[in-house]
Structure formats: structure tokens, C-alpha cells
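Asks: Below are the C-alpha cells for one structure; questions will follow.
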Amino acid sequence: MKVPFVDLQAQYGAIRHEVDRAIADVLERASFVLGPQVVAFEERFAAYTGAKHCVSVESGTAALKLALSALGIGQGDEVIVPANTYIASAIGVSAAGARPVLVDVNDAYLVDPAAIEAAITPRTRAVMPVHLYGQVVPMKPVLDLADRYGLFVVEDACQAHGAIWQGRRAGSIGTLGCFSFYPGKNLGAYGDGGAIVTNDDALADRLRLLRDFGQRKKYEHLIKGDNCRLDSLQAAVLDVKLGYLDEWNERRRDHAALYDSLLAAAGFATPKNLDAQGHVYHLYVTRVEDRQNVARQLSERGVQTGIHYPIPIHLQPAYAELGLPAGSFPVTEDAAAKILSLPMFPELTGEQIRYVVESLAEIARPPAPAHASVA
Ligand SMILES: Cc1ncc(COP(=O)(O)O)c(C=O)c1O
């Protein structure tokens, strides 16, 4: 049996007619940049997240950078970011000219509020909770800290389209929320894409200037804005897919529940689920000993896996400047050594999930008991 890590061809097969029609419509109207499809998608995505505004951009990284720039965060400022995330969270901060201040995560792989508080300095301007793997960071302590210290909250919701925390959608809870529409995301384009959502009128206006050369009217440039717009073809694809997002997320939750029960029965760690209904399982992450060997053997049996992420940000050459040696963030580093992401996408079948877990049980050892608390 073959079990891919994600299967975007299967997804396209299921929605081909709608997608093809939407793409043809863009080609016929020939308005390729900030066209009507972009406006329509922004309106629908804002409504979906429950935020007042959506400003689409070229990628999730651009969304993070512009969000910080719109808040006036740059040179000399610090933004608190979890060490256990994709490097783009930190790159977004660096690209805005500010300094990412890394902190450790907890056993749900999400930023630890106590670590945030300990990292606050007079230069701290914002905190960036990352809703990693599709699970929203419990936001109450983060919002309380932000209130107490006068910080902005920039949500990195790049892996959490549609995820819910206490009835609120990821991205709509902080000052601003940033999304990536990279193809493999829960809501993915057919190329790069991203968006920022916010309830703040002035910030939305500033973001629109920043993404389009600082112009509100053609050839009238109010600020030195960037060029990082979403194109109409991607917006048209995203608009079609948005109609399926809740259904796809529901299927991901069903797959996670099946993985949970089969893995637990086989003695493996299941990811900590803080809210069964709110999690959208962008990734399903277990832990194993001797990971490299396990991943290789799974691959030989036709099962593709991933590691999110094998090298924490502070140990990347790109961030050597932070001067943080190995041992700085024990939870993140321990996770980086053992985590293994199993196949997860809406079109996955129960039969495939059973095959993945059976294969895993035949070749891998569950992690040492110290990590059983993750289950
Ligand atoms: C947590 C996180 N933040 C930021 C990004 C950056 O998004 P993009 O690849 O669209 O720039 C990604 C995805 O790649 C991500 O997973």
C-alpha cells in the first residue's frame, strides 16, 4: 500500500470542475493582480474567520512581516516567538527589522506563557503565538500578558485555518492574525499565498498600502510600500477551496481520532489535544525512538512521513547571531529529536491509517516513559 504524506492530486480530482471554471473565469476577465477574485476571497475569508478585514498577500511570511510593519515594529524592537515552529515565524520578525526572542514550548508543542513572561524586556513590542500543527494556543494567558505589558499579539495562524479557541477562529483573537496558503496547508493555493486578518480599520488600511507600493490611488504613493500582493488566480482557487474547508477539517479530526485510538493501543504517544472540536490537525505528530531508521523503514513500506521540525530555530546557522547554544530550550530540542509527522490529509482512508499504525508498531519502539505525558 502507498500512503503519501499529503495528496493534492486527490484533492484536485474531487473539486476539478469548480477549480477549472474559476481559473477560466480569471483568464477570461484578465484582471490578474488585485482583481475581483481577490476582493471576493478577502471578503469571504474575513467573514469565515470572524474578523472585520482580510488583506491578502503573497505568502505567510509576507503576512507576518507586513503585520509587524503595520504595527510600527522594526529596528530595535523585540518580538517573542516560540522556538518550536517553522523558521518563517522568526524570518517574518527579522524581515520587519526586529529581533525574534525565542522561548520554549509546552507538552502540546505550543508556546509556554510562563516563558513568554520571563522573556519580556523594555524592547518587547509584540508576542507571536504560533498555532502549531493546527491547534490554537490557549490564548487567555497570552492576552492577559499582552494587556499587562502593553504588547501587540500577532497570531501565526499559518497552520490553523479554521481552528477554534473558545468559539473564536484562529487569527481573529489577537491584534492581527497571519495565514499562509502554501499548497499543503489546510487551505492551500496552487502556489504561494497568504493573508492577514484584523478587526482594526486603520491597520487594515495600512496593510493595503504596505502590500501595494504604498498606493491607494494608482501612481500616488503615500508610503514606501512593498509589492507582495496575492494574484487573482490564487484567490479564485482559494475561494473555491474555502467552501470545503470545514468539511476537510472535520475529516482531519476523524482521522486524528482513529490515529489516537490505534496509536494509544499500540503504546505510542498521541498528540495532546486541548480542544477536540477546535483542532484542525494540519499535522498529526507522534514520537518515536530511533526516528531516522523508523522513517526509512516506513518509507520502504510505502508510508511517507515528515518532521516538523528537525532543527530548532536557535540551532539553525541562519540564527547563530542569537547566540543560543544547544540546551537553551529543552522541550523544543527533545521534540525536534523524536517527533514524527504521520500522513494527514482529508482524503486519507481508514484503511491507510490502519496500515500506517500497523507498520509503525512492527518496526518502531514507543518513546521512553518520560514522554508518556504527551499521550
Ligand atoms: C507556522 C508557520 N509560519 C509561517 C509560515 C510561512 O508561510 P509561507 O510559506 O506561506 O511563507 C509557515 C508555512 O510555511 C508556517 O507553517
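Just so you know, all these numbers are worked out from the coordinates, no wet-lab data involved. Note that the structure is a prediction, hence the values are computed from the model and not measured. Backbone-built Cβ (ideal geometry, glycine too); neighbour counts: all protein chains shown.
Asks: Can you tell which of ILE363, ILE164, ILE80 shows the greatest fluctuation in a Gaussian network model of the chain with Cα springs below 10 Å?
Replies: For the chain, modelled as a Gaussian network with Cα springs under 10 Å, the answer is ILE363.
Asks: Then there's this: Can you work out ³J(HN,Hα) from phi for every residue in region 147-153, in order, using Karplus 6.51 cos²θ - 1.76 cosθ + 1.60 and θ = phi - 60°, giving whole Hz and x for Gly and Pro?
Replies: Each residue of region 147-153 in turn: 4, 5, 9, x, 10, 7, 10 Hz.
Asks: For every helix of n ≥ 4 consecutive DSSP H residues, a contribution of -39,500 (n - 2.57) applies; sum these over the chain, divide by its total residues, and give [θ] at 222 nm rounded to the nearest 500 deg cm²/dmol.
Replies: About -12500 deg cm²/dmol.
Asks: Shifting gears a bit: For a test of understanding, tell me how many lysine pairs in the chain have Cα atoms under 24 Å apart, given they are 8 or more places apart or on different chains.
Replies: 16
Asks: Mind checking the alpha-carbon convex hull of region 131-242 and giving the volume per residue in Å³?
Replies: It is 117 Å³ per residue.
Asks: So, one more: How big is D, in µm² s⁻¹, for region 1-94 by Stokes-Einstein at 4 °C and 1.567 mPa s if Rh is the Kirkwood radius over C-alpha pairs? Please list the in-between numbers first.
Replies: Values: Rh = 16.8 Å.
It comes out at roughly 77 µm²/s.
Asks: State the three equivalent ellipsoid semi-axes of region 236-375, derived from the C-alpha gyration tensor as the square roots of 5 times its eigenvalues, in descending order and whole Å. Mind dumping the intermediate values first?
Replies: Details: eigenvalues 138, 92, 44 Å².
Ellipsoid semi-axes (Å, largest first): 26, 21, 15.
Asks: Same structure again: Between the DSSP loop rule and a limit of at most 13 other Cβ atoms within 10 Å, which trypsin sites (Lys or Arg not before Pro) in region 1-48 are left?
Replies: Answer by residue number: LYS2.
Asks: Let me ask something else about it. Report the label-to-label distance for LYS52 and ILE223 in nanometres (one decimal), using points 7 Å from each Cα along the Cα→Cβ vector.
Replies: With each label point 7 Å from Cα toward Cβ, the separation is 1.7 nm.
Asks: Tell me, what ³J(HN,Hα) does each residue in region 27-41 have, in order and in whole Hz, if you take phi through Karplus 6.51 cos²θ - 1.76 cosθ + 1.60 with θ = phi - 60° and put x for Gly and Pro?
Replies: For region 27-41, the Karplus curve yields 4, 5, 6, 6, 10, 8, 10, 6, x, x, 5, 5, 4, 5, 5 Hz.
Asks: For GLU351 and ALA264, FRET efficiency with R0 = 25 Å and r from the beta-carbon atoms, rounded to 0.05? Please report the intermediate quantities before stating the final value.
Replies: Numbers: r = 19 Å, r/R0 = 0.77.
E between ALA264 and GLU351, to the nearest 0.05, is 0.85.
Asks: On a C-alpha basis, how far is the centre of region 333-350 from the centre of region 214-284 in Å? Whole number, if you could?
Replies: Taking the Cα centre of each part, region 333-350 and region 214-284 sit 16 Å apart.
Asks: If you don't mind, another one. Spin-label point model (7 Å from Cα, Cβ direction): what's the ILE311 to GLN166 distance in nm?
Replies: With each label point 7 Å from Cα toward Cβ, the separation is 3.9 nm.
Asks: Right, here's the next one. Eigenvalues of the Cα gyration tensor times 5, then square-rooted: what semi-axes does that give for the chain, in whole angstrom, largest first?
Replies: 33, 27, 17
Asks: Tell me, in nm to one decimal, what length is gained between THR121 and LEU27 on full extension, where the rule is 0.36 nm per residue of separation less the Cα-Cα distance?
Replies: Stretched fully, the THR121-LEU27 segment lengthens by 28.7 nm.
Asks: If N is the number of residues in region 261-344, what value comes out of its Cα radius of gyration divided by 2.2 N^0.38 Å?
Replies: Compactness ratio reported: 1.25.
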